[in-house]
Amino acid sequence: MLFESINSALSGYILPAILLIAGVYLGRRIKFFYILNPVKLFRDIRNSAKNGGVSPIRALSVALAGTLGVGNITGVATAIACGGAGAIFWMWICALLVMSVKYAEVYLSQIYRQPDGHGGHVGGAMYYMNKGLRMITGSRFPSVLAAAFAILIAANSLLTGSIVQVNAATGVMSSFFPSVTPLICGISFAVLATVTAAGGLKRVSGLTVKLVPFLSVVYIFVSLICIIRSSEAIPHAFRAIFDGAFSTSAAGGGVLGFGINNALRYGVARGIFSNEAGCGTAPSAHATANAQSAHHQGCMGIFEVFADTIVLCTVTALVILTSGLNPSEDGMISALAAFSVSGGDIAVTAVGISVILFAFATVICQSYYGLGAVEYLTPSRSARSVYIILLAISAVVGSVISSGVMWGIADFIIVAMTVINTVAVTAISTKITFRTTTISKNRII
């Protein structure tokens, strides 16, 4: 009960306030160009590539693999179940604001990255926290904070990046193949994930650059078919979203504003779980890109949030809300039931397979983040081996653990990471060239 109260305070009040302040501050500094001048945004995305090295698209595909998938399906369903349809509205608002935070953290990951000794680069939140904050404070505290954040990234990769993903995928596989036990599913994930993760960025990006776009197109296509078949319910769905976002009624008739807080809490928490903006994980992938400039890769970060929340989360929400079903806290079962109403067994099968593959893509992406965090802390090969063993164990645990417990812990870790990283990014934001007409040269500090 105490843990739930702490989670409620963090995700219901503290996190939204910090994201609101940081989003508005950073958005004003870059003049919200991604909203007011979307043509510039997509032009800079198109012109982001530079010859040689890891392409911006490959880096983006790795980052998207870490965000697209279970969070867009299970997360949306549980957000609606716990916070009502209004949670979707707060997902949208949060996404629009945190696009500027994502831009800033990706930008900083580019200018504070380091050579990896093999012709490429490594970087991420730990690097800009350590160097950027140290330049501001002149103390050793940033080094300690960066190390602590690296530990959080490693823990997050094992929990939300592995246990949560495998748990959802196992549920789907068990429903499709009753003869396959959850433990076998977990072991299969463990073997495939560790083999892929051990291959490093080249193997991870080579897989995600093919898998993520294909899965996204299939999922959007199936979702749109279901939505069109229930098109008469679309106006009601949008009405429920906007009414629920500002509802002041509570299930038990409580304090004024409880309904708003619940919608806000779950909309923001599940939105961050889905797009990871401000969380500090995706910068590890974006730092490897050989982009034209830090600004260009920052635009990729904005697109990442758009694709994840504005597109995929929205189509999932509309499928659920137009189905007429009331989702339960078991988000995957609720989502598949909603797809079944409008799309039948074919839609359920297509979405189920997508969930399994999305989950796998997320596991290998998050394992890359986790390994990067471990290598930041120590160059020891033994530490790397220990992490890969823990990754395998977490996949097996994810196949048999209760979903309720892991969601509470996952929310806590993600909120803690987002608060720390967002505050750090805002503090170092003076290093960012905020004049959108000026393209800063990519550099290594």
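Find the residue count for the stretch 179-199, including only residues that are in a helix (DSSP H, G or I) and either hydrophobic (A, V, I, L, M, F, W, C) or touching a Leu at 6+ places or on another chain (Cβ under 9 Å) (or both).
So the answer is 14.
For the stretch 272-290, what are the residues that are in a loop (DSSP other than H, G, I, E, B), open to solvent by less than 10 Å² (accessible area, probe 1.4 Å) and under 17 Å from V425 (Cα atoms)? Write out each step before concluding.
Residues of the stretch 272-290 that are in a loop (DSSP other than H, G, I, E, B), as a first pass: 276-282, 287-288, 290.
Add one more test, that the residue is open to solvent by less than 10 Å² (accessible area, probe 1.4 Å), and what stays is 277-282, 287-288.
Those that are in a loop (DSSP other than H, G, I, E, B), open to solvent by less than 10 Å² (accessible area, probe 1.4 Å) and under 17 Å from V425 (Cα atoms): A277, G278, C279, G280, T281, A282, A287.
For the stretch 291-308, a residue qualifies if it is assigned to a helix (DSSP H, G or I) and small (G, A, S), and the qualifying residues are A294, G298, G301, A307.
Kindly evaluate V172 against the criterion of being among the β-branched types (V, I, T), over 19 Å from I389 (Cβ atoms), under 18 Å from the mean Cα position of the chain (by Cα) and assigned to a helix (DSSP H, G or I).
For V172, the condition - among the β-branched types (V, I, T), over 19 Å from I389 (Cβ atoms), under 18 Å from the mean Cα position of the chain (by Cα) and assigned to a helix (DSSP H, G or I) - is not met.
Only one entry of S223, S216, S157, S139 meets the criterion of being of a type in the set (S, T, N, Q) and either touching a Lys or Arg at 6+ places or on another chain (Cβ under 9 Å) or within 16 Å of L357 (Cα to Cα) (or both), and that entry is S216. On the stretch given as the stretch 55-77, residues that are in contact with a Ser or Thr (Cβ under 8 Å, 6 or more places away or on another chain), modelled with pLDDT under 85 and more than 12 Å from M300 (Cβ to Cβ) total 10.
Of the residues making up the stretch 190-214, those that are crowded, with 20+ Cβ neighbours inside 10 Å and under 20 Å from the mean Cα position of the chain (by Cα) are A193, A197, L201, V204, S205, T208, V212.
Taken residue by residue, the stretch 99-112 has at least one member that is at pLDDT 90 or above, out of contact with any Ser or Thr (no Cβ under 6 Å at 6 or more places or on another chain), not in a helix (DSSP H, G or I) and not aliphatic (A, V, I, L, M). Condition (residue is farther than 25 Å from Y34 by Cβ and in contact with an Asp or Glu (Cβ under 7 Å, 6 or more places away or on another chain)) applied to the stretch 128-151: is it met by at least one residue? No - not one qualifying residue is present in the stretch 128-151.
Residues of the stretch 366-388 that are of a type outside the set (S, T, N, Q), free of Cβ contacts under 8 Å to residues at least 60 places away in the same chain and part of a helix (DSSP H, G or I): R381, A383, R384, V386. Every test in (1) among the β-branched types (V, I, T); (2) crowded, with 24+ Cβ neighbours inside 10 Å; (3) modelled with pLDDT of 90 or more; (4) part of a helix (DSSP H, G or I) is passed by V355 save one, and that test is (3).
Scanning the stretch 20-30 for residues that are surrounded by 14 or more Cβ atoms within 10 Å (Cβ to Cβ) and either modelled with pLDDT of 85 or more or in contact with a strand residue (DSSP E or B) (Cβ under 6 Å, 6 or more places away or on another chain) (or both) gives I21, A22, G23, Y25, L26, G27, R29, I30. None of V363, V341, V400 is open to solvent by less than 40 Å² (accessible area, probe 1.4 Å), of a type outside the set (K, R), touching a residue at least 12 places away in the same chain (Cβ under 8 Å) and at negative phi except V363.
Among the residues making up the stretch 309-352, a single one is modelled with pLDDT under 85, closer than 20 Å to W90 by Cα and in a helix (DSSP H, G or I): G331.
The values are calculated or read from the model by the stated rules, or taken from the named source; none is laboratory data. Computed from a predicted structure; not experimentally measured. Note that each Cβ is placed from the backbone with ideal geometry, even for glycine, and that neighbours are counted across all protein chains shown. Side chains included, ligands, DNA and RNA excluded: accessible areas come from the protein's heavy atoms. Shrake-Rupley method; radii C 1.70, N 1.55, O 1.52, S 1.80 Å.
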